[in-house]
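Take a look at the structure below.
The values are calculated or read from the model by the stated rules, or taken from the named source; none is laboratory data. All values derive from a computational prediction rather than experimental measurement. Please note: Cβ atoms are built from the backbone with ideal geometry, for glycine as well, and neighbour counts cover all protein chains shown. These area figures cover heavy atoms from the full protein model, side chains too; ligands, DNA and RNA do not enter into them. Shrake-Rupley method; radii C 1.70, N 1.55, O 1.52, S 1.80 Å.
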Amino acid sequence: MTATVRVTAPAKINLHLEVLGQRSDGFHELAMVMQSIDLADQLDCSNSADGLIQLSCDQPGLSCGSDNLVMRAAELLRQRSGFHELGAHLHLRKRIPIGAGLAGGSSDGAAALLALNTLWGLGHSQDQLLAMAAELGSDMPFCLAGGSQLCFGRGECLESVPAAAQSFGVVLVKDPSVSVSTPWAYGECRRLKGDHYLCDEDAFAQRRQQLRAAPWLHPLRTAEPPPLRNDLQDVVAPQTASVQTALRLLQGLPGQLRTAMSGSGPSCFALFANRLDADQALNAARDGFAQAGLDAWSCSFLAHGAKLMP
Ligand code: C5P
């Protein structure tokens, strides 16, 4: 068995988040394009002989208990392995803001599946890990696979799309004092848009096919940047002042191609033709973001999800 394992856990943004309808299990049927970015947490794992799974984190406010997706992933993996005596120390370095719509928690959970499968020498295939990830959270399979993916169903059915012709740059902003509850955002969407939901599998399949055929996806390119759509933005932004401020400031950045909220928010992002343009725009606007109470990052598209590091 390996002594220590380090995994990088990238964040994601939504280039397209379309709520198609409501399912009989209460979840929403989605048609999304998700994209990994190089803003990432890091998970370090080492074996522990005492049979305990313990998590520590460099961010004091974050729960390291059984509600953390890292712990839930570790427990599920150990249970499925049948070796109940397996133990591990896990340490999480958080860089992805929490409660932001960037799938930070899901990515940490995906990293735990990958890290402990290696550390404990379990030999689960990628498909087996993806199935476990889907049990733990709708976004978690994407976080394991990463890159650019169409995500259907409740988000867990993946179809990879061609890599971007060039890596877009991204400026990302979030008010650190604001977080949005994902169940609340979907509830609001149902309340405000439910009358327009599609009602049957044939209609869902037709929309999936339209998204697969979208010209901007083959491959992503700056000459025809993704139009960006987020149905949750329509319901979250009117009720969240920091999202309105973020979108307004991002739209004013020189060189921005498109601007949107990510996931259920409140983080928002602007796309740029390349990383240099994003860096320059952020440097010029840093004071304005700070005055508006927004944390800001520049980053790039990334072609992978949770990944073992050397
Ligand atoms: O799957 P996950 O635990 O991340 O989902 C969190 C919540 O978001 C769900 O309990 C549900 O309220 C909402 N959700 C949804 N439809 C989806 C994904 C999430 O309604 N496709």
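Observations on the model:
- Protection proxy ranking of 178-191, 199-212, 219-232 - average other beta-carbon atoms within 10 Å, highest first: 219-232, 178-191, 199-212
- Computed from point charges on the beta carbon alone (+1 for Lys and Arg, -1 for Asp and Glu), the dipole magnitude for the chain about its Cα centre is near 440 Debye.
- Amide H within-cut-off set for Cys268, under 5 Å, with H built and near neighbours excluded: Val173, Ser262
- Cα-based shape type of the range 1-109, given that a ≥ b ≥ c are square roots of the gyration tensor eigenvalues and the cut on a/c is 1.5: prolate
- Alpha carbon centroid spacing (whole Å) that separates the range 88-108 from the range 155-229: 22 Å
- Cα long-axis angle, helix 201-212 against the chain (0 to 90 degrees, to the nearest 10): 80 degrees
- Protein accessible area in the range 108-186, 1.4 Å probe - carbon and sulfur %: 52 percent
- Rounded if a/c under 1.5, otherwise prolate or oblate - the range 138-225, Cα gyration tensor axes: oblate
- Axis of helix 126-136 versus longest Cα principal axis of the chain: the two differ by about 70°, to the nearest ten degrees.
- Rounded to the nearest 10 degrees, the angle from helix 69-81 to the longest Cα principal axis of the chain is 50 degrees.
- Efficiency of FRET from Cβ geometry, Gln206 and Ser63, R₀ 41 Å, rounded to 0.05: 0.50
- Residue-by-residue Karplus 3J(HN,Hα) for the range 271-280, coefficients 6.51, -1.76, 1.60, Hz, glycine and proline x: 9, 10, 5, 7, 5, 4, 4, 5, 4, 5
- Rounded accessible area per residue of the range 164-286, 1.4 Å, Å²: 47 Å²
- The stretch between Ala284 and Gln54 holds 78.6 nm of extra length on full extension. This uses 0.36 nm per residue minus the Cα-Cα distance.
- Gain on full stretching of the segment that runs from Glu135 to Ser81 - 0.36 nm per residue minus C-alpha separation: 17.9 nm
- Whether the range 163-283 is rounded, prolate or oblate, judged on the alpha carbon gyration tensor where a/c under 1.5 counts as rounded: oblate
- Cβ-based net charge around Gly194, under 12 Å, with every Lys or Arg adding one and every Asp or Glu removing one: 0
- Note that the range 22-31 has calculated 3J(HN,Hα) couplings of 9, 9, 5, 8, x, 6, 9, 7, 10, 10 Hz, one per residue in order, obtained from phi through the Karplus relation 6.51 cos²θ - 1.76 cosθ + 1.60 (θ = phi - 60°); glycine and proline are x.
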